[in-house]
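Below is one structure, written out as structure tokens, with a few remarks after it.
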Amino acid sequence: MDRHVTLSLKAALVALVVVLGLLVAYLLGNAGTTAAASTDGPATDPAGISAHPRTLVMAGTGKTVGVPDELVFSVSVGLPPSTLETALADANATMERVLTRLDSLGVRRSDVQTTGLQMNAVYDYHAFGPPTLRGYHVSQRAQVLVRDLATGGRAVSAVVDAGGNDVRVGSIGLRIADTEGLLAKSRAAAVQEAKAKAQQYADATGQTLGPVLSLREVHSSAPPASSTLTFGRAALDGLAALPIRAGRDKLAVTVRIEWSFG
């Protein structure tokens, strides 16, 4: 019985030694593989430069010059206080005279947009006693678009002449009808400028300019703001047409483009 126990114990010890040997061999093998992998390091090209993807980012700006060909302005009709019905009727009649004069100059009624209508009570205040209602002040506002700039000055003067002292004209501004067409040309010019600069750097460094990876528009110019001047009949009295000088507007677009580079 003791002999059998001794043999079983020896067999167990031998098996344990074998298992430990296999484990050590496995660990040594993995260590060698890891060392070999770390020795290889990152992939490099023959010049010793990292072969990871490289990119080139360049910005370009395109500008297009346009001449304004349309005129916009606001019309405000306001009358002295009266009864509400009378004030509304008088304001409507005055605005109708303005629209009729614009019609005669070729300005379509669809190009006149109502932008506001106000009805405010007007009171007389006394030293003693409560205020008394004098009447109502009614004002109408509209935005006018004149598609032919050559008619713009005459349209402004005609509006004031038709409405008399009850009309004010303001927010006069010039604009370009085909703004998007000019911006499209600016975008194309911006891309060409960025591409030309990128190709110049590629040629100078002996590299190849690859495909575009990303393109972003970072800036686009806005049309100039309208004038805040307001004109009444006294300011335009005797003028057949308000002088209008179109000038020039610059529409610029800036883009940022990223290429693969190598």
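The values are calculated or read from the model by the stated rules, or taken from the named source; none is laboratory data. Note that the structure is predicted; figures quoted are calculated from it, not measured. In this analysis, Cβ positions are derived from the backbone assuming ideal geometry, glycine residues included, and neighbour counts consider all displayed protein chains. The area values use the complete protein model at the heavy-atom level, side chains included, leaving out ligands, DNA and RNA. Shrake-Rupley method; radii C 1.70, N 1.55, O 1.52, S 1.80 Å.
For region 76-95, indicate whether the set of residues that are acidic (D, E), at pLDDT 90 or above and exposed (fewer than 12 other Cβ atoms within 10 Å of the Cβ) is non-empty.
Yes; the residues of region 76-95 include at least one that is acidic (D, E), at pLDDT 90 or above and exposed (fewer than 12 other Cβ atoms within 10 Å of the Cβ).
Given the criteria within 30 Å of G60 (Cβ to Cβ) and surrounded by 12 or more Cβ atoms within 10 Å (Cβ to Cβ), does Q199 qualify?
yes
With respect to the numbered conditions (1) surrounded by 15 or more Cβ atoms within 10 Å (Cβ to Cβ); (2) assigned to a helix (DSSP H, G or I), which one is the sole condition not fulfilled by G210?
Here G210 meets the rest and fails (2).
From (1) small (G, A, S); (2) open to solvent by less than 10 Å² (accessible area, probe 1.4 Å); (3) over 39 Å from the mean Cα position of the chain (by Cα), pick out the condition that doesn't hold for A121.
For A121, the exception is condition (2).
Check E180 against each of (1) under 30 Å from E217 (Cα atoms); (2) open to solvent by less than 80 Å² (accessible area, probe 1.4 Å); (3) free of Cβ contacts under 8 Å to residues at least 12 places away in the same chain and name the one condition it does not meet.
(2)
For region 165-175, enumerate the residues that are in contact with a Pro (Cβ under 9 Å, 6 or more places away or on another chain) and open to solvent by 20 Å² or more (accessible area, probe 1.4 Å).
The answer is D166, L174, R175.
Just to be sure, is V72 within 30 Å of K250 (Cβ to Cβ), within 34 Å of the chain's Cα centre (by Cα) and surrounded by fewer than 20 Cβ atoms within 10 Å (Cβ to Cβ)?
yes
Of everything in region 124-150 that's at pLDDT 90 or above and either in a helix (DSSP H, G or I) or aliphatic (A, V, I, L, M) (or both), which residue is most open to solvent (accessible area, probe 1.4 Å)?
This residue is L133.
Checking A121 against (1) assigned to a strand (DSSP E or B); (2) out of contact with any Leu (no Cβ under 8 Å at 6 or more places or on another chain); (3) of a type in the set (G, A, S); (4) more than 30 Å from V191 (Cα to Cα), which test does it fail?
Going through the list (1) assigned to a strand (DSSP E or B); (2) out of contact with any Leu (no Cβ under 8 Å at 6 or more places or on another chain); (3) of a type in the set (G, A, S); (4) more than 30 Å from V191 (Cα to Cα), A121 breaks only (2).
Scan region 162-211 residue by residue and report those that are farther than 30 Å from L242 by Cβ, at pLDDT below 95 and among the β-branched types (V, I, T).
T205, T208
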